[in-house]
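Presented below is the structure to which this report refers.
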Protein chains: 2
Amino acid sequence: MTVLILTSEEDVTADMVVVHLNASGVPVLRLDPADLPGGVALSGEFVHGAFRGHLQSAGRLVSISGLRSVWVRRPGQAAARAAEPSAWLSEESSQALFGMLRGCDARWMNHPDAAHQARHKPWQLRHAQRCGLPVPATLITTFPQAAREFADRFPDLVVKPVSGAHPQDPPRAVPTSRVAPGTDFSAVAFGPTLLQRRVGKKADIRLTAVGDELLAARKEIDEDADPDDPGTVDVRFASSDIPWRPAEVPPRIAEAVRRYLRDAELAYGAFDFAEDADGTWWFLECNQSGQFGFVEVETGQPIARTVAQWLARPGPTEGTHVNGANRTVC
Amino acid sequence: MTVLILTSEEDVTADMVVVHLNASGVPVLRLDPADLPGGVALSGEFVHGAFRGHLQSAGRLVSISGLRSVWVRRPGQAAARAAEPSAWLSEESSQALFGMLRGCDARWMNHPDAAHQARHKPWQLRHAQRCGLPVPATLITTFPQAAREFADRFPDLVVKPVSGAHPQDPPRAVPTSRVAPGTDFSAVAFGPTLLQRRVGKKADIRLTAVGDELLAARKEIDEDADPDDPGTVDVRFASSDIPWRPAEVPPRIAEAVRRYLRDAELAYGAFDFAEDADGTWWFLECNQSGQFGFVEVETGQPIARTVAQWLARPGPTEGTHVNGANRTVC
């Protein structure tokens, strides 16, 4: 049974996982949908109620029914490197590849539908609340008056994008910023705005969840740092020399995080928390495709090996997205 | 409890349903995401584990928790009619609106994830097979040799797109066409190609499924028609005067169609079948957002009323997509 990895050619994170899969003798097919058609070929036959499908890349031919798991890491757009690329060819190629894979019985990290849902910030906040994670008071609004009233109740606020990275080429991370006192909120009417109570942070927490395995890391805030410094507000822009260190996960957080993944049908999630002076971990977001290389390098935690072990497991697992035909609704 | 309809301003099909909802006194909020921000406003507050959300359009303010159902009919792109439209504003507005709606407890016709999955033709064919529907022998391939061997086994073939409509502006339906004997299949390597055994049709069948209600219509093939005529091969291009007439659904087909919808978490689907000389209904495709106005007009079947009744039902229903937090995986 083969592990299928969908990612671009240059992907050091995928390389780290492939090393572990190779070491344990698990067959791997790695390909980029950008090479379909061309370096990647596919064929699927539906005859007399049966299905036989194959994928070919770099001279290797693998049966769709022989896939044990699919890792959607960082795939390029289908047909992007075709001889004559077009929107139509990308659509045809994407539907052919993912349509076929959606019908297979492999376990997904993560299933495209689960991934798509999990990217929505308002859904994340509501889902985290329902799973029992503390969420800082948040408002998403196009009503200036609602923003003003919220700022009266929670005077120390940050503003951040609703959707994540700006879709320029290459995409740009939009930093979380503090809201100055007396800000005029009338422009809120021109675009949905996310305002959130600023957590007085003692540390940033990155919790990487791989199936049921939770690996947390903690990066303390430099006590001498300016609280308005962009790197203090948003850890992605931090310049401090304080390293990420392994951290224990509080049992209530562990339970809530496992429920978050299970109910969202996710096999992988990178959770960001802000730890306050009382030691409470406040949920900020969960990135279903978040990087883990930088944490593994600084903490020595075996994240790549844990991902490889999850991908290598033989059968479907409870709590992960398999495919529509196997799901039920309660 | 309100029915939310997401669609463009000019949508006669939605108008037909709204008439029935109005007649039965069910509150309706109809809006187009293209008008957010602008004519449409939203606000959602996540405080102390609770969520309060609102949508406003045409002067009406509705609570998100007061929605009984959401009909994703034919919505425009979020922020398309904003004062200063941009890809970034569309992304922010779409995530704000759909992210908030994804967290609500309303029933969906159809949930965006279920709809997205259901658009994949290879997945449709495999799913139909698994549900027990007869599917004509089909090949989707980029291997010319596989296409040649398939044509040897099934000499009478049609070719159709894998993905549906061509994404030009406005989108263009790509007709299903017969494959001439002796066709050279070497170009298959340049794009995934869908080849399907041609069914010797006596009639086209359109089965509109609304929850558990099945309304089928049948349009006989004109016996004098040229079998190579595009309108004979693809009913969407038919010019014959033979009308659609109501038809009985064979019990095995009814059972399989209900399973198709239930396992795919769809509340609505427009199924196309080809009826052969033996009376067998061959599954061609299921369009999860297929039109029904033309069938209702010709057959007099109460499809709009059935859709209105489904939307108006008070609680969540088994077999339809609600939201991630309520789903389980078996």
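The values are calculated or read from the model by the stated rules, or taken from the named source; none is laboratory data. Predicted model, so just to flag it, every value in this text is computed and none were measured. Methodologically, a virtual Cβ is constructed for each residue, glycine included, from the backbone with ideal geometry; neighbour enumeration extends over all protein chains shown.
Within the group B:A87, B:A96, B:A80, which residue is surrounded by fewer than 20 Cβ atoms within 10 Å (Cβ to Cβ) and in contact with a Pro (Cβ under 7 Å, 6 or more places away or on another chain)?
B:A87
Just wondering, is there one or more residues in the stretch A:41-63 that are within 24 Å of the chain's Cα centre (by Cα) and within 14 Å of chain B (Cβ to nearest Cβ)? Don't jump to the end; show me each part of the working.
If we filter the stretch A:41-63 for residues that are within 24 Å of the chain's Cα centre (by Cα), which is where we start, we get none.
Checked the stretch A:41-63: no residue is within 24 Å of the chain's Cα centre (by Cα) and within 14 Å of chain B (Cβ to nearest Cβ).
Taking the stretch A:5-28 only, how many residues are touching a Ser or Thr at 6+ places or on another chain (Cβ under 7 Å) and crowded, with 20+ Cβ neighbours inside 10 Å?
1
Can B:V17 be described as within 26 Å of the chain's Cα centre (by Cα) and either part of a strand (DSSP E or B) or outside the structural domain of B:F294 (by TED's automatic domain parsing) (or both)?
Working: within 26 Å of the chain's Cα centre (by Cα): yes; either part of a strand (DSSP E or B) or outside the structural domain of B:F294 (by TED's automatic domain parsing) (or both): yes.
When the stated conditions are applied, B:V17 passes them.
Taking A:S24 and the conditions (1) among the hydroxyl-bearing types (S, T, Y); (2) over 25 Å from the mean Cα position of the chain (by Cα); (3) within 14 Å of chain B (Cβ to nearest Cβ), which numbered condition does it fall short on, given that it satisfies the others?
Tallying (1) among the hydroxyl-bearing types (S, T, Y); (2) over 25 Å from the mean Cα position of the chain (by Cα); (3) within 14 Å of chain B (Cβ to nearest Cβ), A:S24 fails exactly one: (3).
For residues that are farther than 20 Å from B:D11 by Cβ and touching a helix residue (DSSP H, G or I) at 6+ places or on another chain (Cβ under 8 Å), tally how many sit in the stretch B:53-88.
7
What are the residues in the stretch A:245-268 that are buried (at least 22 other Cβ atoms within 10 Å of the Cβ) and touching a helix residue (DSSP H, G or I) at 6+ places or on another chain (Cβ under 6 Å), if any?
Residues of the stretch A:245-268 that are buried (at least 22 other Cβ atoms within 10 Å of the Cβ), as a first pass: A:253, A:257, A:260-261, A:264-268.
Residues satisfying the conditions are A:A264, A:E265, A:L266.
Suppose the filter is within 7 Å of chain A (Cβ to nearest Cβ), closer than 30 Å to A:R119 by Cβ and among the small types (G, A, S); does B:G164 pass it?
Values: within 7 Å of chain A (Cβ to nearest Cβ): no; closer than 30 Å to A:R119 by Cβ: yes; among the small types (G, A, S): yes.
Judged against the criteria, B:G164 is not a match.
Test each condition in (1) modelled with pLDDT under 95; (2) more than 9 Å from every other protein chain (Cβ to nearest Cβ) for B:R68 and report the one that comes out false.
In the conditions (1) modelled with pLDDT under 95; (2) more than 9 Å from every other protein chain (Cβ to nearest Cβ), B:R68 misses (1) alone.
Taking the condition of being hydrophobic (A, V, I, L, M, F, W, C), under 16 Å from B:T7 (Cβ atoms) and part of a helix (DSSP H, G or I), how many residues in the stretch B:74-119 meet it?
Within the stretch B:74-119, residues that are hydrophobic (A, V, I, L, M, F, W, C), under 16 Å from B:T7 (Cβ atoms) and part of a helix (DSSP H, G or I) number 4.
What's the number of the only condition in (1) under 23 Å from B:A83 (Cβ atoms); (2) at pLDDT below 95; (3) surrounded by fewer than 18 Cβ atoms within 10 Å (Cβ to Cβ) that A:P144 fails to meet?
Of everything listed in (1) under 23 Å from B:A83 (Cβ atoms); (2) at pLDDT below 95; (3) surrounded by fewer than 18 Cβ atoms within 10 Å (Cβ to Cβ), A:P144 misses just condition (2).
Looking at (1) over 16 Å from A:V233 (Cα atoms); (2) in a strand (DSSP E or B); (3) not polar (S, T, N, Q), which is the one condition that is false for A:K219?
(1)
Please enumerate the residues belonging to the stretch A:120-143 that are of a type outside the set (S, T, N, Q) and not in a loop (DSSP other than H, G, I, E, B).
A:K121, A:P122, A:W123, A:L125, A:R126, A:H127, A:A128, A:R130, A:L139, A:I140 - these are the residues of the stretch A:120-143 that are of a type outside the set (S, T, N, Q) and not in a loop (DSSP other than H, G, I, E, B).
Which residues, taken from the stretch A:81-99, are under 23 Å from the mean Cα position of the chain (by Cα) and either more than 7 Å from every other protein chain (Cβ to nearest Cβ) or touching a residue at least 12 places away in the same chain (Cβ under 8 Å) (or both)?
Our first condition is that a residue be under 23 Å from the mean Cα position of the chain (by Cα); within the stretch A:81-99, this holds for A:94-95, A:97-99.
Residues satisfying the conditions are A:S94, A:L97, A:F98.
Determine which single condition A:V158 fails, assuming it passes every other condition in (1) in a loop (DSSP other than H, G, I, E, B); (2) more than 7 Å from chain B (Cβ to nearest Cβ); (3) β-branched (V, I, T).
So A:V158 meets the others, but not (1).
For the stretch B:146-155, which residues satisfy the criterion of being out of contact with any strand residue (DSSP E or B) (no Cβ under 8 Å at 6 or more places or on another chain), touching a residue at least 24 places away in the same chain (Cβ under 8 Å) and either in a helix (DSSP H, G or I) or among the acidic types (D, E) (or both)? Let's see the steps before the verdict.
Applying the first criterion (out of contact with any strand residue (DSSP E or B) (no Cβ under 8 Å at 6 or more places or on another chain)) to the stretch B:146-155 yields B:148-149, B:152-153, B:155.
Within this subset, residues satisfying the condition of being touching a residue at least 24 places away in the same chain (Cβ under 8 Å) are B:148, B:155.
Selection gives B:R148 alone.
Listed here are the residues, each with its yes/no results for (1) touching a Lys or Arg at 6+ places or on another chain (Cβ under 9 Å); (2) farther than 26 Å from A:G25 by Cα; (3) at pLDDT 95 or above; (4) of a type in the set (A, V, I, L, M, F, W, C).
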{"site": "A:D229", "(1), (2), (3), (4)": "no, yes, no, no"}
{"site": "A:S240", "(1), (2), (3), (4)": "yes, yes, no, no"}
{"site": "A:F283", "(1), (2), (3), (4)": "no, yes, yes, yes"}
{"site": "A:T299", "(1), (2), (3), (4)": "yes, yes, yes, no"}
{"site": "A:H321", "(1), (2), (3), (4)": "yes, no, no, no"}
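Where residues in the stretch A:115-146 are under 24 Å from A:R73 (Cα atoms) and charged (D, E, K, R), which of them is farthest from the other protein chains (Cβ to nearest Cβ)?
Selected residue: A:R119.
Consider B:S69 carefully, then state whether it is in contact with a His (Cβ under 7 Å, 6 or more places away or on another chain), in a strand (DSSP E or B) and not assigned by TED's automatic domain parsing to the domain that holds B:Q291.
no
Could you look through the stretch B:202-217, keep only residues that are touching a Ser or Thr at 6+ places or on another chain (Cβ under 9 Å) and crowded, with 20+ Cβ neighbours inside 10 Å, and pick out the one that is nearest to B:Q301 (Cα to Cα)?
B:L215
Do you know which residues across the stretch B:100-114 are touching a strand residue (DSSP E or B) at 6+ places or on another chain (Cβ under 7 Å) and more than 7 Å from every other protein chain (Cβ to nearest Cβ)?
The answer is B:L101, B:C104, B:A106, B:R107, B:W108, B:M109, B:N110, B:P112.
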